Amino acid sequence: MGKKVIALDIGGTNTRVALINDKYEIEKVLIKPTLVGNLELFLQSIEDVIVEAIDNFDDVICIAGGVPGRVRWDGYIYALPNIHISQIPLAERLEKRFNKKTYIINDAEVAALAEANIGPYAKYSSLYFITVSTGVGGALTINGKLRSSSYEVGHTMAQYRNEVHEFEHMASGTGLRRLADANGLNIADAKEFFALVKNGHELANRVYRDWIKLLAGFIEMNQENFQPEVFAITGGVMKSADIFWDDLVRNCPNSTLLKANAGQNAGLLGAAVYGFQKAAE
């Protein structure tokens, strides 16, 4: 029997647990609602879903997972804002419960590892992953491994109309509402915004051009800083990629932009990649 990793993909809505082998085949998977708002119940719920999903730990070499928050080098999570808890000793708790080494990192880093190691983008020597959804996350890989780059890239400062803002506050999927509001355009969400753009709404198109410039400037900044061979881009805004993708590519002449390929299993597969990499160290 080959070696296997228990992979965790913990989100604000659902928690996914999978048993993944060294060929990156998902042998078992279980999805449960994430328990929010209570630290102890959250930790217990992660233990419970692992027990329910995995009936044999014999070939498991470690547990690895991604979470939507800031994580210390030892898997201690400072905060999970969407889950409404903080100071979370997840790695330590799981190691004690299952007697398996546990590795926890940020979810953008996990997804970057999936893109860089599994599928067509594995051929590139360096890849910078960007997700644009509620916020903005990113991570750099070189030769398939994570390299020093802040996954808190959404907090990079960006100038707009002589004011300085955190980039994600103006350019993320939810940030688009702030950008529109600054221009006197009232929208409910990114979906409505892109529908207005598609229908030729004059003010929406002016805001759209500003958004493209902000996003392109962010990408080009990371191109200059890290010089990745490609960017892999995902996130909620990609549901409207048919509207903006060509314009974004045109505004990033120094970068190669690709649509992320790993899909809904990126979190699980990337966690498995990280687990196998750490176990091999």
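The values are calculated or read from the model by the stated rules, or taken from the named source; none is laboratory data. Every value quoted in this text rests on a predicted model; they were computed, and no experiment measured them. FYI the Cβ positions are ideal-geometry reconstructions off the backbone, even for glycines, and counts take in every protein chain you see. The area values use the complete protein model at the heavy-atom level, side chains included, leaving out ligands, DNA and RNA. Shrake-Rupley method; radii C 1.70, N 1.55, O 1.52, S 1.80 Å.
Here is how the numbers come out for the structure above:
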item	result
Kirkwood Rh and Cα Rg combined as Rg/Rh, the range 170-281	1.06
Per-residue HN-Hα couplings for the range 77-84 [Karplus 6.51, -1.76, 1.60; θ = phi - 60°; Hz; x = Gly/Pro]	9, 5, 6, 10, x, 6, 9, 6
Computed E for Asn205/Gln264 - FRET, C-beta separation, R0 25 angstrom, nearest 0.05	0.20
Accessible surface, the range 92-181, averaged per residue in Å² (probe 1.4 Å)	45
Positive minus negative residues near Ile233 (Lys, Arg vs Asp, Glu; Cβ under 13 Å)	+1
Using alpha carbons only: equivalent-ellipsoid semi-axes of the chain, gyration tensor based, whole Å	35, 21, 16
Computed helical MRE - 222 nm, the chain, DSSP H runs ≥ 4 contributing -39500 (n - 2.57), nearest 500	-12000 deg cm²/dmol
For the range 160-281, size of Cβ-based charge dipole, Lys and Arg +1, Asp and Glu -1, in debye	240
Kirkwood Rh and Cα Rg combined as Rg over Rh, evaluated for the range 54-151	1.01
Debye intensity ratio in log₁₀ form over the Cα atoms of the range 9-53, taken at each q of 0.16, 0.31 Å⁻¹	-0.43, -1.11
Of all accessible heavy-atom area on the chain, the percent that carbon and sulfur account for (1.4 Å)	46
